[in-house]
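Here is the structure we will look at.
The values are calculated or read from the model by the stated rules, or taken from the named source; none is laboratory data. Everything numeric here is computed off the predicted structure, so don't read it as measured data. Here the Cβ positions follow ideal geometry from the backbone for every residue, glycine too, while neighbour counts run over all protein chains shown. Side chains are part of the model used for accessible areas, which takes the heavy atoms of the whole protein and leaves out ligands, DNA and RNA. Shrake-Rupley method; radii C 1.70, N 1.55, O 1.52, S 1.80 Å.
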Amino acid sequence: ETFEQQRRPSVVLAMGNAQVAAGNCFYHAGSCLAFEKRTEYAVSMFDIECWDVKKRIISQIKAQRALAEKMPLKNVPIKEALAKMQEMAKKEPNSHIMKPDFRVAMADLIRHHVNASAINNDDLDATFDAVDYDSSGALSRGEWSVGLCIFFKGTVEEKDRACFEVLDADGNASVDKAEMAEYVRPIVNAMVPPDAAVLKPMLCDHVAQTIFDKMDYDDDHKVTIEEWNRWRSNRNNVVDQTADVISTTVYAAWSKSKSRGGGGLTLTPPPTQARDAAPATAKAAPAH
């Protein structure tokens, strides 16, 4: 193993930490710098390479579905399962759930709805890891409300309502922008690669605001379950919407950066532009 190979993990970690720090700086600069300008500066400063936004999470969803299909959790009603998770989350100041507690809770549900022989701790750990989108070793409210729905029994409507009730942390029968950000954060984290980590705080805020505004049909600065269901009934889903917002936003930042002689950023154009625009470089990912 060469010296360069030995030092690479520490270099990557240092670069990742630098991106996280810079991302927080760009995010908090919102009061004095427009969102578009902040993203343009960030993509130029870190020479972000191209990535297929949707492909990153689609592969993760496929893995979740394959795991869910063999798990006895599919016999557990979604409402009861998420209520169990909420009960655990309330005991923690940040609503995060650790793997040992998750394993115990899921084993209790399996024991009640199936039988004790169906419990497999390795599979339960794999389920935890499948929805730990940021690999932090703890599940945030957004991660377990979004990721676990696929593992439990229920119709689309039942799962939407259960998820909505979890996100409504203050129990006022509506979701505000901060609660929406909690919902989209794991999806943004899954779609944005480590090399573009600097963009995560800004993109999370922007995606949450965009989706929130589309759901808030009566412009009263809150989203009710009726508005949520209306948005979903129009064949909308958070994964597609998030991917579209990220693609459009970052491509626009790249275009402005390149036109002003910015860094070596190469990105796939968003779907609406990909049909008319040539790839930025030979390395550009195929348009979706």
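Structure summary
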quantity	calculated
Accessible area (Å², 1.4 Å probe, nearest 10) - residue 92	70 Å²
Accessible area of the range 82-132 belonging to carbon and sulfur atoms, whole % at 1.4 Å probe	47 percent
Overall form of the range 65-118 per C-alpha gyration tensor (a/c, 1.5; a/b vs b/c)	prolate
Nearest-10 value in Å² for the accessible area of residue 210, using the 1.4 Å probe	30 Å²
Candidate residues 217, 183: accessible-area rank, largest first, probe 1.4 Å	217, 183
Fraction of the pair-distance distribution of the range 133-225 above 18 Å, Cα-Cα pairs, percent	49 percent
For a label point 7 Å along the Cα-to-beta-carbon line of residue 218, residues of the range 133-173 with backbone N under 14 Å	173
Accessible-area value, residue 141, 1.4 Å probe, nucleic acids and ligands omitted, Å²	30 Å²
Restraint check, 55/84; 159/256; 70/214; 84/177; 91/153, Cα-Cα greater than 29 Å	55/84; 159/256; 70/214
